[in-house]
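Only one structure is covered here, and it is reproduced in the block below.
The values are calculated or read from the model by the stated rules, or taken from the named source; none is laboratory data. What you see is a predicted model, and the numbers here were worked out from it, not measured in a lab. Virtual Cβ from ideal backbone geometry, glycine too; neighbours counted across all protein chains shown.
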Amino acid sequence: MIEFLQQLINGLAQGSIYALIAIGYTMVFGVLRFINFAHGDVYMLGAFAGFYTAPKLMALSGGGPSYFGAGLVLVSAMLICAAIGVLIERLCYRPLRQHPRLTVLITAIGVSLLLESGGQYLFGADPEAFPEIIADSAIELPASWGILSSLTITVGQVIVVGSTLALLFILRTVVLHTKTGMAMRALSLNPIAASLAGVNIDAIISFTFAIGSAMAGAAGVLTSIQQPSIDPLMGINAGLKAFVAAVLGGIGNIPGAALGGLLIGLLEALVVGYVNPTYRDPLVFAVLILVLLFKPSGLLGKPEREKV
Amino acid sequence: MPIPSPLGLSALAASVLLPLLPLAAADEIPVGEFASLTGASASFGQSSHKGTELAFEQINAVGGVLGKKLRLITEDDQSQAGQPATIVRKLISQDKVVAVLGEVASSKSLEAAPICQQNKIPMISPASTNPKVTEVGDYIFRVCFIDPFQGTVMSKFARGRGWKKIAVLTDVKQDYSVGLAEFFIKGVLANGGEIVREQKYSTGDKDFKPQLTSIKAAQPDAIFVPGYYGEVSLIAKQAKLLGIKVPLLGGDGWVGDSLLKVAGKSLDGSFFSSHFSAADKAEKVQGFVTKFKSKYGEIPDDMAALGYDSAMILADAIRRAGTTESAALRDAVAATKGFDAVTGTITLDARRNASKSAVILAIENGGFQFVETVQP
Amino acid sequence: MKSLNPKLLLVLALVLAAVANCFSPSLNPYYYDILITIGINIVLAVSLNLVIGYTGQFSLGHAGFMAVGAYFSAWVTLNFGFVLGATTPATVAVYVLALASGGLVAAAAGLLVGVPSLRLRGDYLAIVTLGFSEIIKGVIQNAEPLGAQRGLGGVVQHTDIFWTFSGVALAVYGILALVHSTYGSGFLAVRDDEIAAEAMGINTTKYKVLAFVIGAFFAGLAGGLYAHFKQFIHPEGFNFLKSVDIVVMVILGGMGSTAGVCLAAVILTILPELLRAVSDYPWLPEPVRNLADNRMILYSILLIVLMLNRPQGLFGKLNFGSGKS
């Protein structure tokens, strides 16, 4: 029982990371109807952005690990990734908006490969050690909790889950209660009607990419708190799992992406702990295939009718 | 059919003409090297290449061998299977090398070895530890010890420290890890120990808490983690977070720049076997470390030391043979006895593997400490 | 092409391959290596072109089918190489059987991948095919008789110019013949507008599965040729990057143009070797040499530049796909 709860806690923390990345996939699909293959690599860039800015930002808050310094690193990584996301969209996807989907998909693959191999060229192939922005340690659970006190919950895990919830809440506010958010929703429902109603399509799309990439950047920093070894290829695996999470939750549906991320994280932890760690990756593909075969619109999505 | 583009035509023409330009002058001895300088295994390849390069520089500084300078022709296999065969063919037939140095990864050595064997060009691997590599033929050598020896060394060490109940955490994606674990387990069982839990992970994994949770429940005296530094550093960190206090044991795959940077203090109290220790006070080792540091600005690791030794042994063999003729050179390499190398005293045995000692290093206060040398 | 009897051309190509083979011992082994690799890459590219270019199914898992063919054929010759006798004709006969059976097993794998992928389009199909390729790789990595993570070695080098270019001739002939038949119109209909095709009564399922199966067959054949040339195969040699290699050839050549794809395969086989020569020269500045070595950076830039400026590649036609699915 304890082991099960422990795996659940592990899965929750990992799932939060997938949720953050999955949101980016789902938002871009919502407005552009295409899968941004390069999104996983933005997560990687977020980790590296944090790696390079952390020394200077931590110095501002006194040198050692601190919540304030960590917050600065997080925000800076989010801003950098937002800029990168907007840049990629502007240079590589916008010129192809009238082209067949296949063309954009191939371009996205090209961008993804470029970020990965470029990252290896610029940062070196060896993993880097992410600086300690928060002192990660196991929280001492009071003995009065009885048997539960033998669980290990780390400060890092709490921060990850907490930050994810905070970011999701902010996102929800933006999407539901701001004019820009309304414009985004309009765009994903019907682009032509939205532009007739006066929505600036280009600006909203850029905004969508900015938010999605910022989420991925945040995920990059948060993950580095728990797993401080970052390398240019770390986005491949996480990106793939987050994509499956987005599909599982219903692609185009933001709460769905969050839900999907959590589910995938939990599923992974349980399979690794109780079945066989080598099944971790094939399992995720299996989930994808099953979802696409039996409920392509995902858990929270509505089936889309294709008009001709 | 449309006219092929001018770019394509000129590329075609250049590709035919360029390689015809000779790379080695007549008074130089060409030696080939193939390594992973880019791609996923780049850190190993770059290390061994630096060591080899330094050796060549030193050899040529004193006039080379047999009155000629040695010319190192290096090709990058980009960590991609399929490439070693092509580039070794190029080195042999195009650049007419007298010998080939490479590779670190056993799978790449296994790919290139048949070609060197068929062409009767001696091949010396600096760091491939899979026994199968030298079994390809009598022109294939290595200057490192092999997995069976290393696995046994660590099992003896564990026994010596009184650790009887051992858990094993293997990287199933790496043949190196699987091989080392196999021989370690054999050794432990032979010494009366017990394997209390076996868990697995894959290269590239970042989260090991599920496996470590399971291992913790089995209450081992020590945990053997024969993987590569990229994952070992995270494993150590997460083990400490989960409250695992027993030492970790490992092999030469632990050696990597980021191991201690990422793991910090969480590896204190752990041990691993290796080819080389930069802290070894021996004059030969310190001399190498100093020169490497001044040329590259970093402390050399195992791969660099082995890359250096493979080049030095080749040069010594050329000297002893008095010629670069392939059969004579092969015999000279095979006859290497008691060579005073940076990674120990090397004698090549009848199976063309290096018979030499392993060092066991401890990690204390975030640094490596030399513990002992284990003779074969 | 109608003026020359295609079957005659095929026979001519086979004869040429046999003749060329006689000259091969005098060829520099490095150039020989490149020539064989060109042949294998042409077969891979042409077979993937059938799937992506003619039928519009974006498959990112072609290396998986190549792996199936490579491993199965290698397993056959390693275990049954002498079952017909130890003479050269006997072992060569086993080799040919191995190649053929490798292709057939790969085709079966194509069937397994094609059927579930029927309901998927574009982006999802790409990821699922990638997933299948990873699963195939995973199966091989856990299979002891196939060498698992150590790789499989000791394969006899049966592949030579004759076999390689016969394979090329067969693949090109086979696919062109298919495409110029009524099947071809079916493939193109599926590519251009699947819903309209279904509405017109075309069995899109049949054509999609057929494209996968035939594409996989030739990929498996290429894999067999590859295994018996390199003599050592390793699961990592058939990973996503290998699939990307082949995809880049198809895109560069122009989807739907067999001639273009052949030329692209030639260019993209020679280009890395050319870059290797460039990076050898010590008088070039270090960053340039490192860049030349980094094939993936150049490939990815090539992909992006091509898509932004000339999505039809070298010889493709621009009107593939109508912007819908």
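Descriptive notes on the structure:
- Within the stretch C:185-198, residues that are over 14 Å from C:VAL209 (Cα atoms) have Cβ atoms under 6 Å from residues that are crowded, with 22+ Cβ neighbours inside 10 Å in these pairs: C:ALA197/C:VAL190, counting only partners at least 6 apart in sequence or on another chain.
- The stretch B:219-243 residues that are outside the structural domain of B:ARG159 (by TED's automatic domain parsing) and closer than 22 Å to A:THR223 by Cα, paired with ones that are part of a helix (DSSP H, G or I) and polar (S, T, N, Q) (beta carbon under 6 Å, 6 or more apart): none
- A residue that is of a type outside the set (S, T, N, Q), free of Cβ contacts under 8 Å to residues at least 12 places away in the same chain and either exposed (fewer than 15 other Cβ atoms within 10 Å of the Cβ) or part of a strand (DSSP E or B) (or both) occurs nowhere in the stretch B:354-372.
- The stretch A:108-156: number of residues that are within 22 Å of B:SER233 (Cα to Cα), at pLDDT below 85 and within 14 Å of chain C (Cβ to nearest Cβ): 3
- Residue in the stretch B:254-263 that is under 26 Å from B:ALA218 (Cβ atoms), outside the structural domain of B:ASP301 (by TED's automatic domain parsing) and assigned to a loop (DSSP other than H, G, I, E, B) present: no
- A residue that is free of Cβ contacts under 8 Å to residues at least 12 places away in the same chain and away from chain C (no Cβ under 12 Å) occurs somewhere in the stretch A:34-55.
- Residues of the stretch B:35-83 satisfying the condition of being in a helix (DSSP H, G or I) and within 15 Å of the chain's Cα centre (by Cα): B:ALA42, B:SER43, B:PHE44, B:GLY45, B:GLN46, B:SER47, B:SER48, B:HIS49, B:LYS50, B:GLY51, B:THR52
- Within this structure, B:ALA218 fails the test of being under 27 Å from A:ILE9 (Cα atoms), of a type in the set (A, V, I, L, M, F, W, C) and either buried (at least 22 other Cβ atoms within 10 Å of the Cβ) or in contact with a Leu (Cβ under 9 Å, 6 or more places away or on another chain) (or both).
- Filter result (in contact (Cβ under 8 Å) with a residue 40 or more places away in the chain, at the interface with chain A (Cβ under 9 Å from one of its Cβ atoms) and not β-branched (Val, Ile, Thr)) within the stretch C:124-140: C:ALA126, C:LEU130, C:GLY131, C:PHE132, C:GLU134
- Residue in the stretch C:25-45 that is touching a residue at least 40 places away in the same chain (Cβ under 8 Å) and part of a loop (DSSP other than H, G, I, E, B) present: no
- Filter result for the condition that a residue is more than 15 Å from the chain's Cα centre (by Cα), buried (at least 17 other Cβ atoms within 10 Å of the Cβ) and either within 14 Å of chain B (Cβ to nearest Cβ) or assigned to a helix (DSSP H, G or I) (or both), over A:ILE159, A:ILE211, A:ILE192: A:ILE159
- The lone exception for B:PHE149 - which of (1) within 12 Å of chain A (Cβ to nearest Cβ); (2) assigned to a helix (DSSP H, G or I); (3) not aliphatic (A, V, I, L, M) it fails: (1)
- Filtered by the rule that a residue be farther than 15 Å from B:ASP207 by Cβ, among the small types (Gly, Ala, Ser) and modelled with pLDDT of 90 or more, the stretch B:221-268 gives B:ALA222, B:GLY250, B:GLY251.
- Pairs linking a residue in the stretch B:57-71 that is closer than 14 Å to B:VAL98 by Cα and in the same structural domain as B:TYR308 (by TED's automatic domain parsing) to a residue that is of a type in the set (S, T, N, Q) and surrounded by 17 or more Cβ atoms within 10 Å (Cβ to Cβ), with Cβ atoms under 7 Å and 6 or more positions apart or on different chains, are B:LYS69/B:ASN60; B:LEU70/B:ASN60.
- Residue within the stretch B:300-317 that is in a helix (DSSP H, G or I) and farther than 22 Å from B:GLN46 by Cβ present: yes
- Hey, C:VAL247 touching a Gly at 6+ places or on another chain (Cβ under 6 Å), in a helix (DSSP H, G or I) and at pLDDT 90 or above or not: no
- Only listed residue being outside any helix (DSSP H, G or I) and either buried (at least 24 other Cβ atoms within 10 Å of the Cβ) or within 11 Å of chain C (Cβ to nearest Cβ) (or both), chosen from B:VAL104, B:VAL98, B:VAL88: B:VAL104
- Residues in the stretch A:223-253 that are in a helix (DSSP H, G or I), among the β-branched types (Val, Ile, Thr) and buried (at least 24 other Cβ atoms within 10 Å of the Cβ): A:THR223, A:ILE225, A:VAL244, A:VAL247.
- Filter result for the condition that a residue is more than 23 Å from the chain's Cα centre (by Cα) and either at pLDDT 90 or above or part of a helix (DSSP H, G or I) (or both), over C:VAL266, C:VAL288: C:VAL288
- Of residues in the stretch A:123-144 being outside any loop (DSSP other than H, G, I, E, B) and more than 19 Å from B:LEU259 (Cα to Cα), the one nearest to the chain's Cα centre (by Cα): A:ALA138
- With respect to the conditions (1) more than 14 Å from chain B (Cβ to nearest Cβ); (2) crowded, with 22+ Cβ neighbours inside 10 Å; (3) free of Cβ contacts under 8 Å to residues at least 60 places away in the same chain, C:LYS208 falls short on a single one, namely (3).
Every residue, every condition in (1) small (Gly, Ala, Ser); (2) touching a Gly at 6+ places or on another chain (Cβ under 6 Å), yes or no:
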position	(1), (2)
A:PHE4	no, no
A:ALA19	yes, yes
A:SER76	yes, no
A:ALA83	yes, no
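- Options A:GLY261, A:GLY220, A:GLY256; residue that is touching a residue at least 12 places away in the same chain (Cβ under 8 Å), in a helix (DSSP H, G or I), within 14 Å of chain B (Cβ to nearest Cβ) and surrounded by 21 or more Cβ atoms within 10 Å (Cβ to Cβ): A:GLY220
- Those residues of the stretch C:66-91 which are of a type in the set (Gly, Ala, Ser), assigned to a helix (DSSP H, G or I) and farther than 17 Å from C:VAL105 by Cα, in sequence order: C:ALA90
- Residue in the stretch B:98-149 that is nearest to C:ARG150 (Cα to Cα), counting only those that are modelled with pLDDT of 90 or more and acidic (Asp, Glu): B:GLU111
- When B:SER125, B:SER177, B:SER214 are screened for being under 30 Å from A:ILE225 (Cβ atoms) and under 23 Å from the mean Cα position of the chain (by Cα), only B:SER177 passes.
Results for (1) more than 14 Å from chain A (Cβ to nearest Cβ); (2) part of a helix (DSSP H, G or I); (3) farther than 14 Å from B:GLY250 by Cα, shown as yes or no for each residue.
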position	(1), (2), (3)
B:MET154	yes, yes, no
B:ALA158	yes, yes, no
B:GLY162	yes, no, yes
B:ILE166	yes, no, no
B:PHE184	yes, yes, no
B:ILE195	yes, no, yes
B:GLN199	no, no, yes
B:ASP205	no, no, yes
B:ILE215	no, yes, yes
